[in-house]
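Accompanying notes for the structure given below.
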Amino acid sequence: MLEVNNLETGYSYLQVLWNVSLKVEQSEVVALIGPNGAGKTTILRSIMGIVKPWKGSVKFLGQDITGRQTHELAKMGLAFVTEDRNLFSGMTVMENLLMGGFTIRSKEKFNKTLDYVLSLFPRLEERKKQYAATMSGGERQMLAIARALMLSPKLLILDEPSMGLSPQNVDIVFDAILKLKSENVTVMLVEQNVNRTLEIADRAYVLENGSIAMEGKGEDMLNDEHIKNMYLGVA
Amino acid sequence: MDPSQLLDVIFTGVLRGGLYALMAVGLSLVFGVMNIPNFAHGEFYMFGAYLAFFSYTVFHLGPIASIIVAVAGAFILGVIVEKGLFYTLRKRSKKQWIMNTFLLTLGISIIMQNGAKMAWGATYRGITAFWSGSLKIGSMNIANDRVVGFLIAVLAIVIFWLFLNKTRIGRAIRAVSLDETGSQLVGINLDWIHTLTFGLSCALAGLAGASLLSITPASPVMGIGPLYKSWFVCILVGMGNVGASIWGGFIVGLLETFSYMQFGAGWQDAISLTIIILILVFKPSGLFAKKGVKSVLE
Ligand SMILES: Nc1ncnc2c1ncn2[C@@H]1O[C@H](COP(=O)(O)OP(=O)(O)O)[C@@H](O)[C@H]1O
Ligand SMILES: [Mg+2]
């Protein structure tokens, strides 16, 4: 479904990614882990057309989407929840969800998606009229995921969704991802919470210093010595 | 000041305020959505006035049709300027964006003023009235055109407000002013929204210039006054806050009229500006700067 081939890119003259290739198949949950500053976010940004690839290509649903504009990718069904969330803080929860469904023109489909998203995050239903700016970190993360789901994405890309959340809210986020997985939504997940991520991921990639250092099944990685030492904190 | 005078101040102030609000809404919108401090806003007002003048006197269109021509013309010119200049600049570099676009709008302003002078001369081109007659309110006779102009301004502002808050495209404009990346991620085409926003802002300025043609005749430099007034309004309420700029328009209109009636014409700007400066000393980011809501400059 998504295919990144030999991707290289960076910021102005600073190269961040070297020869990165990865794949996400239909209905898979694929994790991307690695230390801070490895370039995980940069990979996601280049997939989404926010950072232009220098070399290599990105394919989605068989089409070459390398360097295509972000809004066109959204229309194709790629949803990206960024680290910064990029919510519309001066809008209400409901307006944020309305904007999430910007590309959906059928009222019926929109209402169905909205019901589904609100059933996934009942808290948002209670907060419909609240401004995004005044919500807690956990609620903002829920809203960011919900807004992305309003697009009825074919592939949902999440960048550190549990970052900065209380343990309770981390549970809510991971529960939501599990629920999406059970509904066969395709997810690409970047996370620092490696243990829980590998538990739910079908496959995972490890990015170190801008290159893919390892790849494999989620469960295999949980037992890997290198992963245990580096990311799971068990000696 | 006796009660009847106070009533005069309120009426005159509100009528003026409608014009300032109409101008300020467009200025504020362009700053909020595109981060462009538009110093050519007054020239679109001027352009609207000329279009209405020629439609009315040369082509003998009716008042409403003349105003519509002016609004449409200002919109189209706005779209051309956006696509030709700001879009091109945006594709090249966003470095020093505010400074560069500020200089660009100054250039546009000078070109449009001199273009108008070249094309139509430096003389005033006015009409006696779109709607002749006047309305007697209290001790004052207010020209019908002023009243209709005010009603048009209020109507335009209400429609525009509904557009921004209740329609899909209007909401997209607000979304872009709040978060560009977020907007693109939900599928909004930034370039398209930018062009539309600039066009609409110019259309509102054109509407203001056209509907007050009988009161302020068309001339190449007629836009300077309204430009600065709308800047006062935007600075007073907080840059880029579209909703508040409506109230700001009325506040500035009333302040000015009050100073004018109380201290004479020579004092109106001095007094009203002093009050604005005093307000800004205590509320430096503007009267209605919202807490927690990201402003465009953050
Ligand atoms: N906008 C940016 N401009 C310049 N350098 C950046 C920018 N974003 C990230 N970087 C740099 O790129 C490298 C990779 O960053 P990032 O992709 O955010 O890593 P990760 O998400 O894995 O923590 C880091 O060295 C970071 O400092
Ligand atoms: Mg990151």
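Observations
- Look at region A:68-81: where a residue is at the interface with chain B (Cβ under 7 Å from one of its Cβ atoms) and a partner is in a helix (DSSP H, G or I) and of a type in the set (S, T, N, Q), sitting 6+ places away or on another chain with Cβ atoms under 7 Å, you get A:Thr70/B:Gln184; A:His71/B:Gln184.
- Residues (within 9 Å of ligand 1 (Cβ to nearest atom) and within 26 Å of A:His71 (Cβ to Cβ)) located in region A:23-60: A:Leu32, A:Gly39, A:Lys40, A:Thr41, A:Thr42, A:Ile43, A:Leu44, A:Arg45, A:Val51
- In region A:144-172, residue most open to solvent (accessible area, probe 1.4 Å) [restricted to those that are among the hydrophobic types (A, V, I, L, M, F, W, C) and within 16 Å of ligand 2 (Cβ to nearest atom)]: A:Met163
- Any hit, region A:4-22, residues being away from ligand 1 (no atom under 13 Å from the Cβ), without any contact (Cβ under 8 Å) to a residue 40 or more places away in the chain and either in contact with a strand residue (DSSP E or B) (Cβ under 7 Å, 6 or more places away or on another chain) or over 25 Å from A:Asn195 (Cβ atoms) (or both): no
- Helices (runs of 4 or more DSSP H) (entirely within region B:30-113) containing at least 1 residues that are modelled with pLDDT of 95 or more, open to solvent by 30 Å² or more (accessible area, probe 1.4 Å) and farther than 21 Å from B:Pro220 by Cβ: B:63-81, B:87-92
- Only one entry of B:Thr216, B:Thr128 meets the criterion of being assigned to a loop (DSSP other than H, G, I, E, B), away from every other protein chain (no Cβ under 14 Å), closer than 16 Å to B:Gly17 by Cβ and open to solvent by 10 Å² or more (accessible area, probe 1.4 Å), and that entry is B:Thr216.
- The set of residues from region A:22-41 being within 11 Å of ligand 2 (Cβ to nearest atom) and among the basic types (Lys, Arg) comprises just one member, A:Lys40.
- Check on A:Leu44, closer than 18 Å to A:Gly210 by Cα, within 14 Å of chain B (Cβ to nearest Cβ) and either open to solvent by less than 30 Å² (accessible area, probe 1.4 Å) or away from ligand 2 (no atom under 14 Å from the Cβ) (or both): yes
- From the list B:Ala203, B:Ala175, B:Ala210, the lone residue that is crowded, with 19+ Cβ neighbours inside 10 Å, within 14 Å of chain A (Cβ to nearest Cβ) and part of a helix (DSSP H, G or I) is B:Ala175.
- Taking region A:175-191 as the range and being surrounded by 14 or more Cβ atoms within 10 Å (Cβ to Cβ) and among the charged types (D, E, K, R) as the test, the residues that pass are A:Lys181, A:Glu191.
- Residue in region A:74-95 that is open to solvent by 30 Å² or more (accessible area, probe 1.4 Å), of a type in the set (Ser, Thr, Tyr) and outside any loop (DSSP other than H, G, I, E, B) present: no
The values are calculated or read from the model by the stated rules, or taken from the named source; none is laboratory data. All figures in this text were calculated on a predicted structure; none of them were measured in a lab. Every residue, glycine among them, receives a Cβ derived from its backbone with ideal geometry; neighbour counts consider all protein chains shown. With ligands, DNA and RNA removed, areas are computed over all heavy atoms of the protein, side chains included. Shrake-Rupley method; radii C 1.70, N 1.55, O 1.52, S 1.80 Å.
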